[in-house]
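The values are calculated or read from the model by the stated rules, or taken from the named source; none is laboratory data. Owing to the predicted nature of the structure, the values given are computational and were not obtained by experimental measurement. Cβ atoms come from the backbone with ideal geometry, glycine included; neighbour counts cover every protein chain shown.
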């Protein structure tokens with residue numbers, strides 16, 4: 001394992017090592033990709049936890065139930081593998097697939113100002129939730145927002161009217177009293 005990571009500001013978290021699997025140093029991985037086994041497409045990982053950063057190479061992996069099991073280069077001991085639990089798995093953003101027009105990665109939406117159809121700022125996108133039916137944006141109030149209410153807005157075509165990443169804004173069709 002190398003100690004030299006990619007640039008920290010260019011990293012995107014795509015999963016997390018949660019525990020060991022078996023006795024040969026394999027690790028269980030929780031994937032943030034969709035579908036979850038897309039994480040296995042990235043073979044060079046930057047591991048990050050509490051300011052510690054390591055480079056590692058994925059040699060193989062498989063989907064087992066709803067968890068990924070990964071074999072990492074040079075890692076053949078269960079106890080050594082156990083020390084990796086809790087590390088985030090990161091890759092450079094430049095390796096993420098290009099999206100079509102109108103598609104965005106969640107990290108691109110984080111922090112956008114949310115403005116309703118009347119021009120009122122409802123707050124900023126704090127994070128998104130995956131609910132199954134549709135994703136939900138958690139809008140937190142900020143200094144310039146209409147009020148101090150947290151709002152949950154659906155990330156749907158009916159609600160989201162426009163996204164301007166350059167301006168840092170999202171226009172929505174939403175009743176501020178709701």
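Among 176, 166, which is part of a loop (DSSP other than H, G, I, E, B) and either in contact (Cβ under 8 Å) with a residue 12 or more places away in the chain or within 20 Å of the chain's Cα centre (by Cα) (or both)?
Details: 166 fails: either in contact (Cβ under 8 Å) with a residue 12 or more places away in the chain or within 20 Å of the chain's Cα centre (by Cα) (or both).
Going through 176, 166 in turn, just one is part of a loop (DSSP other than H, G, I, E, B) and either in contact (Cβ under 8 Å) with a residue 12 or more places away in the chain or within 20 Å of the chain's Cα centre (by Cα) (or both): 176.
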> So which of 47, 58 is without any contact (Cβ under 8 Å) to a residue 40 or more places away in the chain, part of a strand (DSSP E or B) and either under 14 Å from the mean Cα position of the chain (by Cα) or surrounded by 15 or more Cβ atoms within 10 Å (Cβ to Cβ) (or both)?
Replying inline: 58
> Are any of the residues in the stretch 114-129 in a loop (DSSP other than H, G, I, E, B) and either under 20 Å from residue 31 (Cα atoms) or in the same structural domain as residue 13 (by TED's automatic domain parsing) (or both)?
Replying inline: no
> Which residues, counting only those in the stretch 76-101, are in contact (Cβ under 8 Å) with a residue 60 or more places away in the chain and part of a loop (DSSP other than H, G, I, E, B)?
Replying inline: 84, 85, 86, 87, 96
> For the subset of the stretch 1-51 comprising residues that are out of contact with any strand residue (DSSP E or B) (no Cβ under 9 Å at 6 or more places or on another chain) and within 14 Å of residue 87 (Cβ to Cβ), which member is modelled with the lowest pLDDT?
Replying inline: 51
> residue 80 passes all but one of (1) assigned by TED's automatic domain parsing to the domain that holds residue 29; (2) touching a helix residue (DSSP H, G or I) at 6+ places or on another chain (Cβ under 7 Å); which number fails?
Replying inline: (2)
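Going by the structure shown, is residue 68 part of a helix (DSSP H, G or I), surrounded by 13 or more Cβ atoms within 10 Å (Cβ to Cβ), modelled with pLDDT of 95 or more and not assigned by TED's automatic domain parsing to the domain that holds residue 164?
Answer is no for this residue.
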> Restricting to the stretch 94-127, what's the tally of residues that are in contact with a helix residue (DSSP H, G or I) (Cβ under 8 Å, 6 or more places away or on another chain) and farther than 24 Å from residue 140 by Cβ?
Replying inline: 1
> What are the residues in the stretch 13-31 that are under 15 Å from the mean Cα position of the chain (by Cα) and buried (at least 17 other Cβ atoms within 10 Å of the Cβ), if any?
Replying inline: 14, 15, 16, 17, 29, 31
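Could you list all residues from the stretch 130-162 that are in a strand (DSSP E or B), surrounded by fewer than 13 Cβ atoms within 10 Å (Cβ to Cβ) and either in contact (Cβ under 8 Å) with a residue 12 or more places away in the chain or at positive phi (or both)?
Within the stretch 130-162, 152 is the sole residue that qualifies.
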